[in-house]
Amino acid sequence: MYELKFDLEKCLACQTQACLTKCRFIKVDVETAKREIIKIARGEDSFVLHECVTCYACEEYCPMDNHPFYLIVERQEALNCAPTPQPLIQRAVNLGVPFRGEPEITEINGPVLNMGAFSELMHLIQGRLFEGLAVISTDPRKMFHYFCQLMYLHYARSSIIKERLPGIINTIAKHKPTDVICFHDECYGAYTSYASAVGMDVPFRPVHFFEFLYQRLKVLKESIKPIKMKVAYQRPCSSRLSHEKHHLVRYIFDLIGADYAEREYDGENALCCAGTIQGQKREGSRKRSIEIQQRNIEDMKKNGAQICVFNCPACYQTIGQKVAAVGIKPMYMSDLCRLAIGENPTLWR
Amino acid sequence: MDSIYKSLVDIVDKEHVSNRPEELFIYSFDLGTAEPRRPDYVVSPATTEQIQEIVRLANRENIPIVPLGAGLSLAGLAVPQKGGIILDLKRMDRIIEVNENARYALIECGVSQGQLTAYLEKNFPRLTHSEPGAPPAATIVGNIVIHGQGDLAQPYGFNSDLINGLEVVLPTGEICRFGSCAVDAGWFTYHPLPDVGLFFGWCGTTGIVTKMSIRLFPAKPIRGVGTFVVDNESLVPEIIGKLTYTQMTEDIIAFSRAIPPFAAGLQHITINIAADSEKELEFKQEIIFDDTLGEYIRRGEGGFLGFTRGLERPQISKTSDYKKGGGFEYVGGIMPVETYSQCYRKGREISERHSIPYTVTGRIIGAGHSMMFAWTYAFNRADTESIKQARDALHETDDLVMELGGVIWKPGIYGQKIIIERLDPGTRLLMKQVRKLLDPNGIMNPGNWEGF
């Protein structure tokens with residue numbers, strides 16, 4: 001059985017308790033934060049477990065690499081205080097069940113792009129950036145065989161991740177990849193941060209999607225025509241698990257000549273898309289999610305963004321239309337990069 | 001040459017009459033599990049007068065006539081049980097008038113759902129009709145004469161309640177009009193003349209509807225679907241009661257199904273909302289999702305999955321994909337909403353007994369006055385055993401509808417039989433006399449509504 005490696009001593013030694021004091025959804029001082037995180041670590045109930053909206057950010061805030069978010073989720077499950085109503089949890093658990101037979105396994109013996117549970121977005125990986133690259137999970141009917149399961153952190157179901165993730169890793173490993181480029185931040189976080197935190201072996205090298213794009217853009221540098229537009233980045237919750245890769249957004253923007261929209265809700269201070277919050281049990285959650293989205297989009301607008309770039313399909317689905325409604329063009333990072341090298345992304349108008 | 005064939009050619013033209021086996025084969029079955037029956041002729045008239053002449057010919061020759069829209073009822077209602085002439089009405093597809101102020105459309109019997117939807121979107125974007133969850137090729141009149149329901153059923157009722165008048169060719173060939181059009185006063189109301197509602201639910205045994213005026217409703221520019229999920233089916237009736245009480249929703253549908261897995265064991269309630277402005281939309285969402293459903297959310301018994309802008313019209317069942325061979329048929333029961341949980345549980349049992357992934361759907365009609373609950377069974381068209389399995393499940397479900405205190409909607413032959421057995425004697429006698437009076441030679445879709 002996989003056990004979360006969480007060390008209470010690190011929390012006791014921590015001077016900032018940044019996991020909670022920096023939290024955008026719970027207001028606490030250092031003393032309260034220390035008291036509550038200790039209670040949580042000892043398996044006791046805490047108001048934090050009930051007020052956590054599962055934005056993942058404390059994984060980034062923790063200066064001790066001690067996985068406070070994974071701990072909170074484990075305790076929410078153990079104490080049966082998930083933020084989400086049970087029917088939505090059950091629905092999510094059902095969603096990731098692989099069906100319609102087994103996937104076809106082809107041996108790659110090289111780098112591969114894993115679409116995970118987003119096989120329907122194959123139009124986002126077209127053109128010269130992806131030329132010659134092997135791709136797995138291309139069949140929407142079988143994509144849940146490649147679903148990294150980390151979504152269950154939103155649903156207080158670490159047990160499901162621990163139960164299913166080894167099988168998913170095994171399926172990917174059967175393709176004999178060397179490097180696995182993860183289409184989504186969440187997959188990258190699963191195979192790097194989460195797997196390591198619970199002691200799960202990953203027999204391939206995960207590569208962040210932005211890292212791949214950046215390297216490809218460097219190869220195609222001669223083709224780049226500067227975008228010359230102000231672009232806001234919508235940071236997804238799962239990027240908090242790979243915050244060491246966040247700088248690549250700026251690197252890519254610099255390379256393609258996009259003007260990075262400096263704004264209040266950026267970097268560590270980013271606001272999530274609030275898609276998960278709208279369905280939570282806490283009174284007023286739906287309105288709260290709308291308010292967060294409005295603040296976020298207003299911030300993009302105020303800072304002159306002409307494009308809002310996404311890497312997470314869930315964020316795109318949740319606020320893409322709302323972004324477009326205020327005159328900012330929503331698009332995926334891969335499409336932005338394709339534009340920069342003179343290609344017309346599918347569905348681009 | 002065959003004299004009936006020649007007469008049909010004389011009435012219509014050679015291009016629109018056939019007795020060729022390969023064409024008759026196409027008209028011998030529908031998409032459900034009904035046994036195929038081959039017609040003797042198929043004719044596609046272009047006018048009401050041609051229909052009159054065909055009906056008179058059929059009376060003279062004592063040959064059955066089966067009116068056909070798009071043939072999508074799935075219940076075998078247009079399968080010619082006793083052969084005869086299939087009257088394919090698809091050529092009569094004129095949208096004769098749309099009255100924007102009085103909000104109605106006068107159409108011919110072959111106008112399809114997709115045709116009217118596209119026409120209104122292009123020419124009258126502020127008007128819409130109640131579109132059923134059928135393929136766009138389904139005809140509007142075909143749906144109404146079987147008491148269909150559409151995506152405005154919750155606020156306004158059955159589609160057959162939403163008409164302003166009709167023109168019918170009787171089984172003896174006369175033309176009759178009903179509603180204000182009967183006194184040449186236009187097509188704006190079905191009432192208040194004496195009620196002779198003899199043409200809905202009779203499966204084409206009392207006449208052929210050639211024109212119909214249907215009611216149109218405001219099409220608000222913002223339309224979308226909110227989804228609410230519960231895992232306890234017993235909660236569905238009270239939730240429906242509360243939702244309909246708000247009088248702020250359009251379509252309300254509850255469903256559960258084994259495939260895809262996300263829906264298994266859960267009840268999804270989709271709630272259509274329409275608004276003129278963002279302000280109105282948010283006001284309605286607040287009333288519906290926060291004030292009305294908030295208590296379930298806070299208790300963790302129900303979850304708000306989100307609101308998706310835009311309506312996928314038509315919303316068509318994907319159940320045909322669940323098994324190889326692409327077949328499906330359903331029993332629709334018009335049920336009290338309070339029976340939802342029994343409908344779900346017993347439907348699931350029947351499906352599991354016949355090794356068919358379960359699919360159940362309840363569409364609310366009126367302000368919770370009833371629901372059309374559909375039990376859908378997938379089958380492999382190429383496998384007779386699979387077809388038999390589905391047919392057995394369908395017959396069990398027909399029995400279940402009556403057992404639970406509902407009424408079978410658009411019953412096939414088996415369903416009609418068990419309804420007739422339960423009809424009260426007075427009604428039974430009246431129906432028998434009506435049929436005899438209207439259709440003395442018994443030429444109209446014989447095999448249906450017989451044995452009174």
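Bear in mind these aren't lab numbers, they're just calculated from the coordinates by the rules spelled out. Just so it is clear, the structure is predicted and the values come from calculations on it, not from any experiment. Ideal geometry is used to build each Cβ from the backbone, glycine not excepted, and the neighbour counts take in all protein chains shown.
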Label model pair B:I287, B:E121: point-to-point distance (7 angstrom along the Cα→beta-carbon line) in nm is 2.8
quick note, the stretch B:3-88, DSSP beta bridge pairs, % antiparallel (nearest 5) is 20
Any aspartates and glutamates whose Cα falls less than 14 Å from that of A:K228, other than same-chain ones fewer than 8 residues away, would be A:D254, A:D259
Cα convex hull volume per residue for the stretch B:342-452, in Å³, equals 134
Ordered by fewest other Cβ atoms within 10 Å, a rough proxy for footprinting exposure, A:E120, B:E450 read A:E120, B:E450
B:K324 and A:K5 label points (each 7 Å along its Cα→Cβ direction) are spaced in nm at 4.9
Here the equivalent ellipsoid of the stretch A:83-185, derived from its Cα gyration tensor, has semi-axes (largest first, whole Å) of 26, 15, 12
Too long for a 31 Å Cα-Cα cut-off, among B:K324/B:K410; A:K22/A:K225; A:K27/B:K220; A:K10/A:K162; A:K174/A:K245; A:K301/B:K220, are A:K22/A:K225; A:K27/B:K220
The stretch B:46-88: relative contact order from alpha carbon pairs under 8 Å, six or more residues apart, as a whole percent, is 38
If each part is reduced to its alpha-carbon centroid, the stretch B:108-144 and the stretch A:229-283 end up apart, in Å, by 45
The Cα radius of gyration of the stretch B:222-309, divided by 2.2 N^0.38 Å with N its residue count, comes to 1.05
Rounded to the nearest Å, the spacing of the alpha-carbon centers of the stretch A:35-92 and the stretch B:289-305 is 22
Averaging 1/r across every pair of distinct alpha carbons in the stretch B:59-215 and inverting yields a Kirkwood hydrodynamic radius, in angstrom, of 15.9
Binned at 10 Å starting from 0, the alpha-carbon pair-distance distribution of the stretch A:221-340 in whole percents comes out as 14, 46, 31, 8, 1, 0
One finds the C-alpha centres of the stretch B:378-417 and the stretch B:151-204 to be spaced, in Å, by 30
Percent antiparallel among DSSP beta bridges confined to the protein assembly as shown, nearest 5, equals 70
Expressed in angstrom, Rg and Dmax over the Cα atoms of chain B are 22.3, 76
Per-residue average of other protein chain Cβ atoms inside 10 Å, peptide B:90-99 -> 0
Extend 7 Å from the Cα of B:T47 along its Cα-to-C-beta direction; within the stretch B:56-79, residues with backbone N under 17 Å of that point are B:56-57
Amide H contacts under 5 Å for A:Y332, restricted to residues at least 5 apart in sequence or on another chain and with H modeled in the peptide plane, are A:F310
Expressed to one decimal in nm², the mean projection of the alpha carbon convex hull of the protein assembly as shown is 37.6
For peptide A:278-289, the mean count of other chain Cβ atoms within 10 Å per residue Cβ is 5
Quick shape check on the stretch A:80-138: root eigenvalues a ≥ b ≥ c of the Cα gyration tensor, a/c under 1.5 is rounded, otherwise prolate if a/b tops b/c, else oblate, and it reads prolate
Charge dipole of the stretch B:321-373 built from unit charges on the beta carbon (Lys, Arg +1; Asp, Glu -1), centred at mean Cα; most positive-end Cα among B:M371, B:G327, B:S355 is B:S355
Connecting every pair of Cα atoms under 10 Å apart in chain A and solving the GNM, the largest mean-square fluctuation among A:D185, A:D45, A:D335 falls on A:D45
In debye to the nearest 20, the charge dipole size for the stretch B:31-163, taken about the Cα centre with +1 at each Lys and Arg Cβ and -1 at each Asp and Glu Cβ, equals 200
Kirkwood radius from Cα pairs of the stretch B:3-88 plugged into Stokes-Einstein at 20 °C, 1.002 mPa s, gives D in µm²/s equal to 167
Dipole check, the protein assembly as shown, charges on Cβ (K,R +1; D,E -1), about Cα centroid: among B:L437, B:Q149, B:T339 the Cα furthest to the positive pole belongs to B:Q149
To the nearest 20 debye, chain B has a Cα-centred charge dipole, built from +1 on Lys and Arg Cβ and -1 on Asp and Glu Cβ, of 420
Other residues with Cβ under 13 Å from the Cβ of B:K410 give, with Lys and Arg +1 and Asp and Glu -1, a net charge of -3
In nm, the gap between the two label points placed 7 Å beyond Cα toward Cβ at B:M402 and A:E264 is 6.8
Inter-chain shielding metric for B:250-263, i.e. average beta-carbon neighbours from other chains within 10 angstrom, reads 2
Honestly the stretch A:8-78 on the Cα gyration tensor test (a ≥ b ≥ c root eigenvalues; a/c under 1.5 rounded, otherwise a/b vs b/c for prolate or oblate) is just rounded
Hydrophobic long helices for chain A, i.e. whole DSSP H runs reaching 30 angstrom or more by Cα along the axis with Kyte-Doolittle mean at least -1.0, come out as none
The stretch B:161-183 scanned against label point 7 Å out from B:D10 along Cα→C-beta; backbone N under 20 Å for B:172-174
Partner aspartates and glutamates whose C-alpha sits under 13 Å from that of B:K346, ignoring same-chain residues fewer than 8 away, are B:E233, B:E396, B:D398, B:D399, B:E403
Per-residue ellipticity at 222 nm attributable to helices in the protein assembly as shown (runs of n ≥ 4 DSSP H, -39500 (n - 2.57) apiece, nearest 500 deg cm²/dmol) works out to -9500 deg cm²/dmol
Taking Cα atoms only, Rg over Rh for chain A with Rh from the Kirkwood formula is 0.96
A chain fully extended from B:E174 to B:E97 at 0.36 nm per residue, minus the present Cα-Cα distance, gains in nm 25.3 nm
Most exposed first, judged by fewest Cβ atoms within 10 angstrom, B:L8, B:L423, B:L305 run B:L423, B:L305, B:L8
